[in-house]
Amino acid sequence: MPPFHSIATICSHSALQIFDGANREGFQTIGITTEARVDFYSSFASGSPDEFLVVQNWQEVLDHSVQERLLDQNAILVPHGSFVAYVGAENILDMTVPFFGNKRTLMWEADREKERIWLKKAGINVPREFKTPHEIKTLSLVKFPGAKGGKDYFLVRSPQEFYDRIGKNEEYTIQEYIKGNRYYPHYFYSPIKNRLEILGIDRRDEANVDESYRFPVREKTFVVVGNKPLVARESILPKFYEMGVNLVATSRELFNEGIFGPFCIESVVKDDLDIVAFEISGRIVAGTNLYPNGSPYSCYYFDKPVSTGRRIAMEIKWAEKKNRIDAVTS
Amino acid sequence: MPPFHSIATICSHSALQIFDGANREGFQTIGITTEARVDFYSSFASGSPDEFLVVQNWQEVLDHSVQERLLDQNAILVPHGSFVAYVGAENILDMTVPFFGNKRTLMWEADREKERIWLKKAGINVPREFKTPHEIKTLSLVKFPGAKGGKDYFLVRSPQEFYDRIGKNEEYTIQEYIKGNRYYPHYFYSPIKNRLEILGIDRRDEANVDESYRFPVREKTFVVVGNKPLVARESILPKFYEMGVNLVATSRELFNEGIFGPFCIESVVKDDLDIVAFEISGRIVAGTNLYPNGSPYSCYYFDKPVSTGRRIAMEIKWAEKKNRIDAVTS
Amino acid sequence: MPPFHSIATICSHSALQIFDGANREGFQTIGITTEARVDFYSSFASGSPDEFLVVQNWQEVLDHSVQERLLDQNAILVPHGSFVAYVGAENILDMTVPFFGNKRTLMWEADREKERIWLKKAGINVPREFKTPHEIKTLSLVKFPGAKGGKDYFLVRSPQEFYDRIGKNEEYTIQEYIKGNRYYPHYFYSPIKNRLEILGIDRRDEANVDESYRFPVREKTFVVVGNKPLVARESILPKFYEMGVNLVATSRELFNEGIFGPFCIESVVKDDLDIVAFEISGRIVAGTNLYPNGSPYSCYYFDKPVSTGRRIAMEIKWAEKKNRIDAVTS
């Protein structure tokens, strides 16, 4: 494979950071976007892509002509949450343009059952799940498939409350609500350095729940509108580290080369300092947008400001230098 | 006009950042202050002004002798929230010392009616306002004029509650309380680069409301005591960008050259991802104090750490180099 | 005394930052740890110590052989919250290895009565304390000795509630709960520069109280699980500065050379902008872990990213250069 000289992604989610990181590492950048977002994504310097690939709708990314154009430019695609939501994990599997990271991971993060098997196999605590609404006896969260930013999630305390709220024909998961504080560590597993890095930690900012102490709310909603920075008590970090190491190791038993590149284990730290994980994101998460200048953790690994976006570009460069590009793409 | 070699402001609000930014860009700095604050503002390196101009009270800033001294040093004044609160927007209009930004903007931000006309003309959603207390049927916030940091604001749910709380002869505004999460984007419009930048986002930290879930409070208060950093979901950013672009464009129709330099649109993001703006600050806001080293957005425009304070100094330098100082001062 | 070439601490609390700062300033670093943490602390670059000193349990730090080894390497020990909790403030007094800062300070921060005397003597407001449970008539916090991260603290509103919760033979302090927002300024007093610096501000993130608006909690708990960044309204900073200056000055009257190096005054800012301090930490606090790249305050003193960990290393270097190492150690 010739060396990649372009890094491409869809203009959304964490694209500014991905472009910025790629630009700082000397790559050309391609922003796949609808016309409506061109002005905004043009308004930056290193946050703007060098070139736009304008589509009418996101499914067009799958078109032969679009893929050909990306292949012609030796582009590597970086998937993010919106990329997966817009194009679909299964469709991504069929694409011919190389992706950074293991595309199979996207199948495992999209499927709540697979995700749960993976977490459990890695020895990570997960919330109880209730197969039927009748089992709801404690505060529980009703979730829907995919990474749609928490939209329509709701809390219930009884089967009755569940039936009052649920729509028809909806696919749902009922999880015990874990009481504690949310910590979402941003991992990066590097096959090239053979090292698991913690590049940051965030907490999602959800409307309306995270400002709900300011005003009376009839129903709490959980729509992700942003992210807030934090650091964990240092004695909790070795636990997060071990969780990440185990998740990587286990993934190799579950699907070919397993997970590599960026991922996140969305977790709750309880007041007994136990950690419960309720989600895996098998690609860059939006919480990393807090740290385009580096985070309070990335500086322990690198002498320069390294975001997850930049880390991706660095990994590609290192892999190319060592002729190991297969180790970081799929 | 000879080139400015000094940047001056009142020692309060965002002065550390303004001095630091000016110092880093090679300007001399003058701190206008009362004696009581000299020790504190002397205790820094680049955060300290090169020189103090000590006044007995803030109104002295209007004195001929003080203005003469600033003019003698080719100083440019940077207005901030405390500057406006201490000296008065109308008094600032009469001052002979040049100001960074358009002084008229301060008249528009200080007047809630003008502010509302401006926002609406720019196509930005605003909260409903109730002309008389009798219209209060939903959770509403009672606000007072000026940028006094939320002091004495209170929540009401009915006309009765309003009359129980309001003082005599008070000038007030009654606004529908918008349920959602607060995001305050920090804009910078550069006439020199002809570019609207988003230099950061913050959320105010208000006593007691923002810790009110920790203890029972009889009455929520909204006194600003600090600021917290955050980033917005990337798909919300183009909306913020458009709001800023429209606010700048509209301002030119409303008052001579319109707004330039730093401003903020204090907003709430609702759980349907709509944005409602409840305030404009037509000058540097205190939330920018989070980012003297640059923010998770400023790095997408600049290779070095750029605060709003430093951005002001950069704009002055660029304007001088292009002989366009009139475009950034008033 | 020969120049220190190693900086050593226990692998916990703020060790990553201490190692990173020491490494960046050119010191060798020694991590005292149990075997279980070696993998984690090895996984960083500048955040990893150059060398591990593996112990079976923390009391082993007091062993002659361990101390000899540290002395042989011209090591200076940096105490942090876990160091004090694991080894004990009194035991630290007896150690022969030099410590950064004044070891006596650890005795004063560990003893709530001494702490209170110190704060009051410095003219700093403190919460009311109730000598007997019968005096509880307002919301009060029951605290236990030492820096155990808020574990088991509880809120009470009446003597009855107190007796319902308290265990047998427990040593406790009952403090009036101050309503307001928590701000924990990180100070550094430099005998070498003769300057008091504010290197950052944080707020602790406590499980479950700080997410307690998201779910019903029967009992609020106050276990520290992390830290959140913030900045204070600029007009509050001179008050924090004065508190710090007074605390340093007073300490010299209370115990030999008084406090130097890093410390924190855990405070609440009330909605009348008054400040009440409820704790002193007489050494580096975990909240500084937010700022290994520098904080929104440290940049006003230094041209490079300076964490509290790095600041310690800088102070040692400067002291050695000036032959004043006695001024920064004990």
Residues of the stretch B:310-330 satisfying the condition of being under 17 Å from B:H5 (Cβ atoms) and either touching a Ser or Thr at 6+ places or on another chain (Cβ under 7 Å) or of a type in the set (A, V, I, L, M, F, W, C) (or both): B:I312, B:A313, B:M314, B:E315, B:I316, B:W318, B:A319, B:I325, B:V328
Filtered residues of the stretch A:67-94 (kept if assigned to a helix (DSSP H, G or I), among the polar types (S, T, N, Q) and in contact (Cβ under 8 Å) with a residue 60 or more places away in the chain): A:S82
Hits in the stretch B:1-41 - residues which are of a type in the set (D, E) and under 19 Å from the mean Cα position of the chain (by Cα): B:D20
Tabulated pairs, the stretch A:96-120, first at positive phi, second of a type in the set (V, I, T), C-beta under 9 angstrom, 6+ apart or interchain: A:G101/A:V78; A:G101/A:I259; A:G101/A:I284; A:G101/A:I312; A:G101/A:V328; A:G101/A:T329
Search result, residues across the stretch C:288-310 that are assigned to a helix (DSSP H, G or I), within 14 Å of chain B (Cβ to nearest Cβ) and under 23 Å from C:A85 (Cα atoms): C:L290
So C:V269, is it at the interface with chain B (Cβ under 9 Å from one of its Cβ atoms) and more than 28 Å from C:M314 (Cβ to Cβ): yes
Search result, residues across the stretch B:257-282 that are at positive phi and assigned to a loop (DSSP other than H, G, I, E, B): B:G258, B:L273
Conditions (1) within 14 Å of another protein chain (Cβ to nearest Cβ); (2) closer than 20 Å to A:K317 by Cβ; (3) buried (at least 20 other Cβ atoms within 10 Å of the Cβ); number of the one not met by A:F27: (1)
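So, C:S48, is that one touching a Lys or Arg at 6+ places or on another chain (Cβ under 9 Å) and outside any helix (DSSP H, G or I) or not?
No.
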Qualifying positions in the stretch C:202-220 - surrounded by 21 or more Cβ atoms within 10 Å (Cβ to Cβ) and at the interface with another protein chain (Cβ under 8 Å from one of its Cβ atoms): C:D205, C:E206, C:A207, C:N208, C:V209, C:D210, C:E211, C:R214
Selected residue (only one of B:F278, B:F260 is over 21 Å from B:T173 (Cβ atoms), more than 8 Å from every other protein chain (Cβ to nearest Cβ) and either surrounded by 22 or more Cβ atoms within 10 Å (Cβ to Cβ) or among the aromatic types (F, W, Y) (or both)): B:F260
Unmet criterion (only one of (1) in a strand (DSSP E or B); (2) more than 27 Å from B:I259 (Cβ to Cβ); (3) within 14 Å of another protein chain (Cβ to nearest Cβ)) for B:D39: (1)
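In the stretch A:149-194, what residues are acidic (D, E), more than 29 Å from A:N256 (Cα to Cα) and away from every other protein chain (no Cβ under 14 Å)?
A:D164, A:E170
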Residues of the stretch A:225-239 satisfying the condition of being in contact (Cβ under 8 Å) with a residue 12 or more places away in the chain, surrounded by fewer than 21 Cβ atoms within 10 Å (Cβ to Cβ) and either out of contact with any Leu (no Cβ under 9 Å at 6 or more places or on another chain) or hydroxyl-bearing (S, T, Y) (or both): A:S235
Pick from the stretch B:119-154, criterion in contact with a Ser or Thr (Cβ under 6 Å, 6 or more places away or on another chain) and outside any loop (DSSP other than H, G, I, E, B), ranking: modelled with the highest pLDDT: B:K121
Residue satisfying condition, being among the polar types (S, T, N, Q) and either within 22 Å of the chain's Cα centre (by Cα) or within 30 Å of C:H64 (Cβ to Cβ) (or both), within set C:T138, C:T132, C:T105: C:T105
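The values are calculated or read from the model by the stated rules, or taken from the named source; none is laboratory data. Note that the structure is predicted; figures quoted are calculated from it, not measured. Glycine gets a Cβ as well: all are built from the backbone with ideal geometry, and neighbour counts include every protein chain shown.
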